[in-house]
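The values are calculated or read from the model by the stated rules, or taken from the named source; none is laboratory data. Every value quoted in this text rests on a predicted model; they were computed, and no experiment measured them. Virtual Cβ from ideal backbone geometry, glycine too; neighbours counted across all protein chains shown. SASA here: full protein model, heavy atoms, side chains in, ligands and nucleic acids out. Shrake-Rupley method; radii C 1.70, N 1.55, O 1.52, S 1.80 Å.
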Amino acid sequence: PLHSSANEDEILVYFEKPGLGPINPLHDIPLHAPSSTPDRPVYNMIVEIPRWTNAKLELKTKAPLAPIVQDEKKGKKRFVHNVYPYKGYIWNYGCFPQTWEDPTQVHMETGALGDGDPLDVCEIGGTIATVGEVIQVKVLGVLGMIDEGEMDWKVLVVNVNDPLAHELNDSDDLYRILPGLIHATFSWFRTYKIPDGKAFNKFAFREEVQSAEYALDIIKECHESWHKLITGVVKDKNHDCQNVTHKDSPLLISTDAAKAIVKADEQKKAAAAAAEAAANNNNNNNNNN
């Protein structure tokens with residue numbers, strides 16, 4: 001990732017690939033890792049939020065090149081509350097690149113529409129990841145959360161380099177090797193919005209984790225939906241599909257154009273930071289007078 005912000009209190013993470021320059025992480029990072037095989041699928045996961053942290057960070061998919069930023073509501077930066085007994089997010093949280101939960105498609109088993117976002121991923125290994133890190137994971141299962149009427153899948157994965165990875169292959173293994181994790185995961189997702197005055201989240205499948213095989217089918221469906229998006233078959237107002245690697249995309253741009261996007265955003269942020277500093281300085285001078 002390419003950290004790019006003039007304000008140390010503001011998170012703005014662009015992504016770049018050596019030898020290529022800035023990229024759009026959602027579109028230009030492959031879903032499948034190089035070590036993936038049909039028998040042993042391995043996926044790339046983009047980490048947006050490290051475990052035990054509270055800032056609500058996410059890919060800004062409607063912005064050019066989809067940098068990671070802190071989500072805002074009514075001009076205020078968003079944080080998740082600590083819901084007893086948890087501290088912040090209880091896993092490394094992020095998404096799968098090249099996936100999209102199509103908001104026009106009804107899932108046949110749940111009857112809910114997709115939420116319009118990339119597939120959410122919870123990495124349950126023992127290492128705390130960093131913002132913007134891309135890690136290789138294997139899939140263990142999936143939760144079918146329904147958030148305000150929309151399907152919001154939560155895929156459970158483990159870093160392939162985690163010491164427990166060789167013992168974890170399916171959701172049943174989580175009950176045996178990490179007892180309490182699945183219970184905590186359902187509890188966290190059910191209650192984390194309560195302090196904001198919202199209702200409990202609900203789940204499909206009677207609050208049961210679906211298998212790794214089921215999760216792989218969901219990933220495949222969302223990858224196919226993403227392909228329609230990147231090739232222009234369908235459009236979505238919340239996704240800027242500019243990219244630097246897909247020749248079949250109508251929004252393919254040059255490396256120079258991608259660099260210009262990052263530079264323009266840096267200049268905009270620097271100007272805003274300078275204006276804020278000047279305003280604060282004037283306020284301090286007025287108070288002293």
Self-check item: Sole exception among (1) surrounded by 15 or more Cβ atoms within 10 Å (Cβ to Cβ); (2) within 25 Å of I11 (Cβ to Cβ) for N238, by number
Solution: (1)
Practice problem: State which residue is surrounded by the fewest Cβ atoms within 10 Å (Cβ to Cβ) when the search covers only region 64-106 and only residues that are within 21 Å of L156 (Cα to Cα) and acidic (D, E). | Solution: D102
Exercise. Restricting attention to region 51-95, report how many residues are without any contact (Cβ under 8 Å) to a residue 40 or more places away in the chain and assigned to a loop (DSSP other than H, G, I, E, B).
Key: 13
Quiz item: Since G21 meets every condition but one in (1) over 18 Å from I218 (Cα atoms); (2) free of Cβ contacts under 8 Å to residues at least 40 places away in the same chain; (3) over 15 Å from the mean Cα position of the chain (by Cα), which condition does it not meet?
Solution: (2)
Practice problem: Search region 250-275 for residues being free of Cβ contacts under 8 Å to residues at least 40 places away in the same chain and either touching a Gly at 6+ places or on another chain (Cβ under 8 Å) or charged (D, E, K, R) (or both), and hand back the single one that is surrounded by the most Cβ atoms within 10 Å (Cβ to Cβ). | Solution: L251
Self-check item: Flag if I230 is of a type in the set (V, I, T) and free of Cβ contacts under 8 Å to residues at least 12 places away in the same chain
Solution: no
Quiz item: What number of residues within region 24-50 satisfy the criterion of being outside any loop (DSSP other than H, G, I, E, B), closer than 17 Å to L229 by Cβ and open to solvent by less than 10 Å² (accessible area, probe 1.4 Å)?
Solution: 4
Quiz item: What are the residues in region 183-212 that are among the hydrophobic types (A, V, I, L, M, F, W, C), surrounded by 14 or more Cβ atoms within 10 Å (Cβ to Cβ), touching a strand residue (DSSP E or B) at 6+ places or on another chain (Cβ under 9 Å) and not in a loop (DSSP other than H, G, I, E, B), if any?
Solution: F186, F189, F203, A212
Exercise. Being closer than 16 Å to L26 by Cβ and open to solvent by less than 30 Å² (accessible area, probe 1.4 Å) is the filter here, so list the residues in region 213-231 that pass it.
Key: I219, C222, S225, W226, L229, I230
